[in-house]
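Chemist: Dropping the structure in here first, questions after.
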Amino acid sequence: MVDDALGDLTSLDRDVARGYRALSQWRADLIKDLAASADEAPLEAVRHVAGKSTWAALAALVPTEADAPLRDALKRWVFVLTQARIGLPLEVSRARAASEQRGVFQGEAARRVSWIEAWRGVAAARTVAETQLWLEAAAEVASEVAAANRLRAERRVEVARRLGADHPWSPILPLDRSALRAAGERLLDRTDDVAAAVRSQGPSAGQGPSAVIHQAMARDAGEGWPAHVTSHWLEEAFGKGTRGLRLELSPLPTARGASSFARALVAFGFAVRVASSPSGMPFALAHDPAFVSAHRLGFVFGALSADARWQERTLRIGRRTALAQSIVLTRSALLEARLLAARLLLGDDTAFAPPDRFSELGVRLFGRELDGRLRGAWPPAREDEPARFVALLQALPFAERLREQFDLDWYRNPRAWEYLHAMAAAPAIEPVDASAFAGQVEGLARTLEGVLG
């Protein structure tokens with residue numbers, strides 16, 4: 001039972017940390033070995049941190065002024081873990097649906113494939129025509145994945161209401177949803193013209209989703225990158241700044257194009273922020289369940305891949321080549337930003353992937369409608385989608401601050417790394433200023449247009 005004693009909150013905090021780590025490990029294991037992990041209950045040992053009774057006890061608690069931040073942070077984590085515990089069977093169902101080989105890839109050697117294999121094929125395809133074949137295979141197996149996603153959204157809404165929340169997003173990122181959605185709409189509005197211009201370029205112009213996705217892999221920006229995406233490459237590029245940190249990188253992507261390295265840089269920045277969290281601070285204060293600041297630093301590092309100066313210094317290529325590759329990778333960044341907005345607009349659990357909206361956004365993103373069978377399955381909305389979008393909007397102003405304070409090569413400046421580590425010493429949960437969204441969207445759109453316009 002939780003009361004107003006700091007010791008009780010401290011003990012609960014330790015169990016929240018245990019629960020989060022167990023859940024994270026289980027999710028990683030589920031990807032590696034579905035059969036072995038499907039029947040596990042990762043939160044059972046600390047079930048009290050993932051239930052309504054603890055949520056209610058924290059809500060009823062009248063803490064001291066000193067304890068209030070920890071109480072509030074623990075409430076967010078208990079909400080997240082409760083959602084996760086109740087949703088575990090649905091995660092397994094989706095993993096099974098994604099691994100069943102029910103589609104057919106109609107290549108030179110036709111074969112049955114799963115949802116996971118189809119999207120790996122999309123990433124690995126060497127031509128637009130091959131990308132289209134893999135997309136068709138993905139559409140064949142999308143129905144079960146979409147059904148699992150839809151059921152998960154319904155369950156999340158139900159759990160949120162049982163806990164007294166008006167929406168599954170609200171306790172994790174207290175923010176007016178209409179402001180978020182308006183920012184997503186505005187980002188699409190402001191980048192529609194430059195996206196249409198990018199789609200009109202090249203030999204595959206007008207060929208729809210397969211051409212846009214294939215172009216976004218950035219295979220024609222291949223100078224200077226190593227043969228493989230590895231943690232060793234990241235350490236060579238930024239090693240001095242990460243000394244003393246225990247980075248826990250998510251699985252790095254296979255090198256399919258320059259965009260693979262951009263995604264690796266995003267994962268690296270995320271890991272740096274998480275690893276910089278002070279071990280002496282309570283877990284719930286040191287770690288935001290939405291991970292806004294970690295996603296933000298991830299986007300800041302990911303954007304370096306499209307920075308010509310960074311490419312010159314890190315990849316050791318010439319200025320002209322770096323400038324050309326910067327344009328290619330900015331095209332990839334443009335699609336990623338627009339996809340994040342679309343995920344936000346389609347992924348609201350209370351209005352999950354409406355048909356008309358799905359059709360409209362497909363045309364805006366790709367110049368043609370997406371295959372209707374993909375609705376609800378792709379683009380997939382993750383539970384932290386609002387946090388990712390907020391982090392995207394915050395990333396450019398944060399990067400500009402780093403450049404102003406520590407020069408264009410801030411990532412080489414020890415004082416910049418000290419600054420990043422010092423920022424991580426503060427509680428991770430930061431207030432979000434929705435009034436800044438309009439200016440942030442405008443700044444991001446102008447930056448993209450400045451490179452691609």
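The values are calculated or read from the model by the stated rules, or taken from the named source; none is laboratory data. On a predicted model such as this, the values are computed, not experimentally measured, just so you know. Here Cβ is always computed from backbone atoms with ideal geometry, including for glycine, and neighbour counts include all displayed protein chains.
Chemist: Please determine, by comparing only the residues of the stretch 153-182 that are assigned to a helix (DSSP H, G or I) and either among the polar types (S, T, N, Q) or without any contact (Cβ under 8 Å) to a residue 12 or more places away in the chain (or both), which one is surrounded by the fewest Cβ atoms within 10 Å (Cβ to Cβ).
Modeler: Taking the stretch 153-182 as the starting set, the residues that turn out to be assigned to a helix (DSSP H, G or I) are 153-162, 177-182.
Now restrict to residues that are either among the polar types (S, T, N, Q) or without any contact (Cβ under 8 Å) to a residue 12 or more places away in the chain (or both): 158, 161, 178.
Values: GLU158: 13, ARG161: 12, SER178: 9.
Of everything passing the filter in the stretch 153-182, SER178 is surrounded by the fewest Cβ atoms within 10 Å (Cβ to Cβ).
Chemist: Same structure, new question: I'm told ARG112 meets every condition in (1) over 20 Å from the mean Cα position of the chain (by Cα); (2) in contact (Cβ under 8 Å) with a residue 24 or more places away in the chain except one. Can you identify the failing condition by its number?
Modeler: Of the numbered conditions (1) over 20 Å from the mean Cα position of the chain (by Cα); (2) in contact (Cβ under 8 Å) with a residue 24 or more places away in the chain, the odd one out for ARG112 is (2).
Chemist: Something else about it: Given the options VAL104, VAL122, name the one that is surrounded by fewer than 21 Cβ atoms within 10 Å (Cβ to Cβ) and at pLDDT 95 or above.
Modeler: Working: VAL122 fails: surrounded by fewer than 21 Cβ atoms within 10 Å (Cβ to Cβ).
Every option except VAL104 fails the conditions.
Chemist: Could you list, in sequence order, all residues of the stretch 57-71 that are in a helix (DSSP H, G or I) and free of Cβ contacts under 8 Å to residues at least 60 places away in the same chain?
Modeler: First pass over the stretch 57-71, keeping only residues in a helix (DSSP H, G or I): 57-60, 68-71.
Within the stretch 57-71, ALA57, LEU58, ALA60, ALA68 qualify.
Chemist: Please determine, by comparing only the residues of the stretch 215-251 that are within 20 Å of the chain's Cα centre (by Cα) and not in a loop (DSSP other than H, G, I, E, B), which one is surrounded by the most Cβ atoms within 10 Å (Cβ to Cβ).
Modeler: Looking at residues that are within 20 Å of the chain's Cα centre (by Cα) and not in a loop (DSSP other than H, G, I, E, B), I get LEU234.
Chemist: May I pose another question? Among ARG320, ARG331, ARG309, which is of a type in the set (Lys, Arg), crowded, with 23+ Cβ neighbours inside 10 Å and closer than 21 Å to GLY453 by Cβ?
Modeler: Step by step, each of ARG320, ARG331, ARG309 is checked, and only ARG331 is of a type in the set (Lys, Arg), crowded, with 23+ Cβ neighbours inside 10 Å and closer than 21 Å to GLY453 by Cβ.
Chemist: Going through VAL16, VAL78, VAL46 one at a time, which residue ends up being buried (at least 17 other Cβ atoms within 10 Å of the Cβ), in a helix (DSSP H, G or I) and without any contact (Cβ under 8 Å) to a residue 40 or more places away in the chain? Step through it out loud before you land on a result.
Modeler: Values: VAL16 fails: without any contact (Cβ under 8 Å) to a residue 40 or more places away in the chain; VAL78 fails: without any contact (Cβ under 8 Å) to a residue 40 or more places away in the chain.
On inspection, the qualifying residue turns out to be VAL46.
Table: residues versus (1) at pLDDT 95 or above; (2) touching a helix residue (DSSP H, G or I) at 6+ places or on another chain (Cβ under 8 Å); (3) of a type in the set (A, V, I, L, M, F, W, C).
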residue	(1), (2), (3)
HIS295	yes, yes, no
LEU315	yes, yes, yes
ARG319	yes, yes, no
LEU335	yes, yes, yes
ALA341	yes, yes, yes
ASP348	no, yes, no
GLY362	yes, yes, no
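Chemist: Moving on to the next point. Select from the stretch 81-109 the residues that are part of a helix (DSSP H, G or I) and among the polar types (S, T, N, Q) and write down the one among them that is farthest from VAL157 (Cα to Cα). Before the answer, list the steps.
Modeler: Here is the first cut: in the stretch 81-109, the residues part of a helix (DSSP H, G or I) are 81-99.
Narrowing the set further to residues that are among the polar types (S, T, N, Q) leaves 82-83, 93, 99.
Details: THR82: 12, GLN83: 10, SER93: 18, SER99: 26 Å.
Per the criteria, the residue is SER99.
Chemist: Residues in the stretch 268-284: is at least one of a type outside the set (Ser, Thr, Tyr) and without any contact (Cβ under 8 Å) to a residue 12 or more places away in the chain?
Modeler: yes
Chemist: Taking LEU345 as the residue in question, decide whether it is outside the structural domain of ALA153 (by TED's automatic domain parsing), farther than 30 Å from ALA416 by Cα and in contact with a Lys or Arg (Cβ under 8 Å, 6 or more places away or on another chain).
Modeler: Details: outside the structural domain of ALA153 (by TED's automatic domain parsing): yes; farther than 30 Å from ALA416 by Cα: yes; in contact with a Lys or Arg (Cβ under 8 Å, 6 or more places away or on another chain): yes.
In short, yes.
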